[in-house]
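These notes are about the structure you will find just below.
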Amino acid sequence: MASGQLTVALVHGCTQGPGGWDRVRDLLSGAGVRSLAVDLDPREFDGTTALECASHIALDLENRERVILVGTSCAGIIIPVVTMLRPIDHLVFVCAGLPDIGRSATDQIFNDGLLHDDWLRYSGAPDSSEAARRFMFNDCEGDVLTWSLSTVRLFMPQPAYDEVTPLESWPDTPSTYLLGTKDRIISQEWARAAVPSRLGGSPIDLPTGHCPQNSRPEVVADILTRVASQQG
C-alpha cells in the first residue's frame with residue numbers, strides 16, 4: 001500500500017444499492033481519484049445496528065490508509081460511527097440524516113422533522129417505482145431516470161434507526177454536507193438547523209433532489225475531487 005494514498009469510500013442509502021455511485025466513480029477515476037463503493041447487502045445487514053454496519057465498512061477499508069468517507073440518506077447515521085473504529089480523513093454527507101448524541105434517528109424523525117412531510121406520509125412501498133420517481137429521482141429524466149430506477153434496492157437496518165446512537169461525542173473529523181434544494185425525503189429545514197450545530201459549518205446547496213449522485217454526478221464528483229485535493 002502506497003503511503004498516504006487516499007480513497008473515496010461511498011456508502012449507499014436505504015433504498016439504493018452501491019451501483020447508484022457508478023457514474024460518480026467513473027468521474028472520480030477520470031480525475032485520478034481512487035474510490036470504493038461499500039455494499040451493505042440487505043441479506044446480511046437488514047436488521048443490524050449502526051455499529052454492525054460501521055464494522056463492515058471499517059473491514060472493507062482495512063487496507064486503505066487514508067479515507068474520505070461519503071454517505072447518502074440513511075448512511076448519514078452510520079458513517080460517523082466508523083470513526084470509532086478507525087481514522088477517517090473527511091466525512092461527506094449527501095442529502096443525509098445525522099446522528100444526534102444521546103438520541104435515536106427515530107426520535108429525530110418524529111420530534112425534529114428530519115424527514116420531509118411528503119415522504120413521512122407516503123404509505124406505499126419505499127422501494128417501489130412510484131416512490132423512486134416521486135421522491136428519489138424527482139429531478140431525473142429520460143435515460144438518467146431509467147438507469148437510476150435500476151439502482152433501487154431496499155436495505156432496512158431498523159435497529160440503527162431506533163437505537164440511541166453509539167457516538168458519545170461528534171468525531172473531530174472535517175465534514176461536508178451536501179443539501180439538495182429539491183430533496184423530498186430529507187427536510188431542508190431540518191438540515192439547515194442541524195448541520196451547523198453538529199458539523200460546524202453550513203451545508204452546500206445543490207439544485208437537486210435526494211440523489212445528486214444520479215441526477216448531477218459531475219457536481220458530486222467535482223466536490224469530492226476538491227475535498228481529496230484539500231486532503232493532499
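A few comments on the model shown:
- The calculated 222 nm mean residue ellipticity attributable to helices in the chain amounts to -9500 deg cm²/dmol, summing -39500 (n - 2.57) over DSSP H runs of n ≥ 4 and dividing by all residues.
- Of VAL144, VAL220, the sequence from fewest to most neighbouring Cβ atoms within 10 angstrom is VAL144, VAL220.
- Among the GluC sites (Glu not before Pro) in segment 148-229, those located in a DSSP loop and surrounded by at most 15 other Cβ atoms within 10 Å of their own Cβ are GLU168.
- Going by neighbour counts of Cβ atoms within 10 Å, the residues HIS12, HIS90 line up, fewest first, as HIS90, HIS12.
- Max mean-square fluctuation residue, GNM over the chain, Cα-Cα springs under 10 Å, options ARG43, ARG192, ARG216: ARG43
- Whole-number percent relative contact order across segment 182-232, with pairs defined as alpha carbons under 8 Å at least 6 apart: 30
- Normalised radius of gyration (Cα atoms, divided by 2.2 N^0.38 Å) for the chain: 0.93.
- Amide H contacts under 5 Å for LEU206, placed H, 5+ residues apart: LEU179, GLY180, THR181
- Taking one quarter of the surface of the convex hull spanned by the alpha-carbon atoms of segment 1-131 gives a direction-averaged projected area of 9.0 nm².
- Contact order, relative form, for segment 6-230: 27 percent (alpha carbon pairs under 8 Å, 6 or more residues apart, mean separation divided by residue count).
- Cα coordinate range in segment 133-232, projected on the principal axes (Å, largest first): 44, 36, 25
Quick note: the coordinates plus some simple rules give every number you see, no bench work behind them. Predicted model, so just to flag it, every value in this text is computed and none were measured. Heads up, the Cβs are rebuilt from the backbone with ideal geometry, glycines too, and the neighbour counts pull from every protein chain shown.
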